[in-house]
Protein chains: 2
Amino acid sequence: MKRAYALLGGPHSVWPADLKEQLKKALQKQDLIFASDRGCLYLQELGIKADLAVGDFDSLKSNELKIVEKNSADIRYSHPVKDLTDSEQLFRVAFEDYQVDQLKVFGATGGRLDHFLVNLFTFVHEPLKRFCQQVEFIDQQNIIDFYLPGRHVLKTNRGYSYVGLGNLTGIKNFQITGARYELKDYSSEVPTLFSSNEFIKDQPIQIAFEEGIAIAIFTKDKNRFANLN
Amino acid sequence: MKRAYALLGGPHSVWPADLKEQLKKALQKQDLIFASDRGCLYLQELGIKADLAVGDFDSLKSNELKIVEKNSADIRYSHPVKDLTDSEQLFRVAFEDYQVDQLKVFGATGGRLDHFLVNLFTFVHEPLKRFCQQVEFIDQQNIIDFYLPGRHVLKTNRGYSYVGLGNLTGIKNFQITGARYELKDYSSEVPTLFSSNEFIKDQPIQIAFEEGIAIAIFTKDKNRFANLN
């Protein structure tokens, strides 16, 4: 089982609080550490060397680029006028060149929503679609998993209160069983998200569908109270 | 022209910094102010009365619910076990009952990604699809606009550095002209996002497509530097 972690350029304000510890543990287990774009600089600031750095780096100053180059075992320079974003290129290198079995992605969410949606929608397109079940996007409040057609068992809520289930593409005969809110033979030609579903005690949730790409978003509320003044 | 503003339950950390001022000005012009879920409490904290409050309010304490009831001219209670989320119900009441021409939505992004995707995908489904060009999601770094098939002119970058363009559904013959990165007759059966496009000086960007729903995300970077220690 070849495991890898990727840090993209999204804002650190929505990273899991223990990301540094997660990455340090990953290093001890000799899991791979990848980064793209500003994520490469963030890694260096966290004191962690990258096995792979991907980016056009055009937003970095020359001294920042030198730091990235010194901190990374393998660097892939992407072209500024390009078909692939830095994160898409990272995903392709991870699955096609490094042939990782599992990729946990941080920094894919928050901040710029065009970046988030590129990351999300990349896995409904070829050639990355076939790898979608091996990738996971993780931030402070959410874990996003992807599913290919078939039957899937979601065993626990993984410490999150809710699970949003839906389809990123058209879908055929989507079923949700064992959850607080069940769904029977739902078909749609466009994306849909059913938010705030819940596990019933320790019972697993099962989903099944015939065509398309489904996602599960394990999620939780954060600050209940705000001081707006 | 009937204008309305809606505050949903998303985290205030990603609101535009001047949201309070925007809402105060809206009040002076007698634009309508709507809120759903925790957004109702946020409004009250901002010292602004709601013309409409929508929610099941099951996450509120009884004293919080009393505050919301006192602060709102029109309250619609949604059912906790429901087909529509609070925000979907707000959108329907806004367009169908209040017949607003333009709805600016805050608190639709950030935090829980199941909530964000429900808000985003609602406008590719009936019955709200036909109103998609009248709604706009706004946060600190992004404005999201929706488009029905046809030809559309995006006149300026609205003060944002980049514009992400894409399709939330399958799309046919999608074209982007006048932008830094052009696109010719792109068709896809699944969602796609082309991030980080740019306006060339004062030249407008034109998009055109035959089927589906397109989006534009006007967007900008935030903090370039981080102190992660």
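The values are calculated or read from the model by the stated rules, or taken from the named source; none is laboratory data. Just so it is clear, the model here is predicted, and its values are computed rather than measured. Cβ atoms come from the backbone with ideal geometry, glycine included; neighbour counts cover every protein chain shown.
Here is how the numbers come out for the structure above:
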| quantity | calculated |
| --- | --- |
| Some residue of the range A:100-122 being among the acidic types (Asp, Glu), farther than 26 Å from B:Phe116 by Cβ, more than 10 Å from chain B (Cβ to nearest Cβ) and assigned to a helix (DSSP H, G or I) | no |
| Within the range A:22-59, considering residues that are within 13 Å of chain B (Cβ to nearest Cβ) and charged (D, E, K, R), the one nearest to A:Asn119 (Cα to Cα) | A:Asp37 |
| Check on B:Phe146, under 17 Å from the mean Cα position of the chain (by Cα), farther than 24 Å from A:Asp86 by Cβ and within 11 Å of chain A (Cβ to nearest Cβ) | no |
| The range A:123-138, residues that are free of Cβ contacts under 8 Å to residues at least 40 places away in the same chain, more than 11 Å from every other protein chain (Cβ to nearest Cβ) and under 24 Å from B:Gly110 (Cα atoms) | A:Glu136 |
| Residue ranges of strands (runs of 3 or more DSSP E) in the range B:144-229 with at least 3 members surrounded by fewer than 18 Cβ atoms within 10 Å (Cβ to Cβ) | B:150-154, B:171-177, B:183-188 |
| Test: residue in the range B:24-34 that is closer than 22 Å to A:Gln141 by Cα, modelled with pLDDT of 95 or more and out of contact with any Gly (no Cβ under 7 Å at 6 or more places or on another chain) | no |
| Residues (farther than 30 Å from A:Phe137 by Cα and of a type in the set (Val, Ile, Thr)) located in the range B:69-114 | B:Ile75, B:Val93, B:Val100 |
| Verdict on B:Leu117 being without any contact (Cβ under 8 Å) to a residue 12 or more places away in the chain, touching a Pro at 6+ places or on another chain (Cβ under 9 Å) and within 23 Å of B:Asp86 (Cα to Cα) | yes |
